[in-house]
Amino acid sequence: MTRVWQWNRPVTVREVLEDLQKERSIAYTTVMTVMDNLHQKGWVRREVDGRAYRYTAVSTRAAYSAALMNEAWSTSDNPAAALVAFFGMMSAEQREALQDAMRVVQRDDPATDPATDTATGPAEGDESPGGPGR
């Protein structure tokens, strides 16, 4: 999958084979079997291109990673403890990326907009009954 995600385009078994052979000796049939298994599992789709197939990733690497993390977290008997342990394993750069991601999610979620937050009352400067203008 790493090769398919890296190229971000439809790839043939031959292309994957040639790329892998730069690092180690591997047989064409091994790569073909792995690509077929990925197709059977629904991780890649394939289309005929002459006498070969071209394989394309069904989802991005980020989406796949997120699904794995969600699955691990949701199957935990103590999700809060699992998150604490996971966050404890993060590097400073990973924690910063997490904070950036949370800002994006919160910005896109109207429930986290202070101007619409009814749980904490009106946003600063709003006039309301009993508020600063009364």
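Of note:
- When residues of the range 1-33 are limited to those that are among the basic types (K, R) and part of a helix (DSSP H, G or I), the one nearest to L68 (Cα to Cα): R3
- Residue satisfying all of: in the range 78-98; surrounded by fewer than 10 Cβ atoms within 10 Å (Cβ to Cβ) and not acidic (D, E); modelled with the lowest pLDDT among these: A80
- Here D36 fits the description: in a helix (DSSP H, G or I), free of Cβ contacts under 8 Å to residues at least 12 places away in the same chain and in contact with a strand residue (DSSP E or B) (Cβ under 9 Å, 6 or more places away or on another chain).
- Boolean, S65 is of a type in the set (S, T, N, Q), part of a loop (DSSP other than H, G, I, E, B) and not assigned by TED's automatic domain parsing to the domain that holds L83: no
The values are calculated or read from the model by the stated rules, or taken from the named source; none is laboratory data. On a predicted model such as this, the values are computed, not experimentally measured, just so you know. Reconstructed Cβ throughout: ideal geometry from the backbone, glycine too, with neighbour counts over all protein chains shown.
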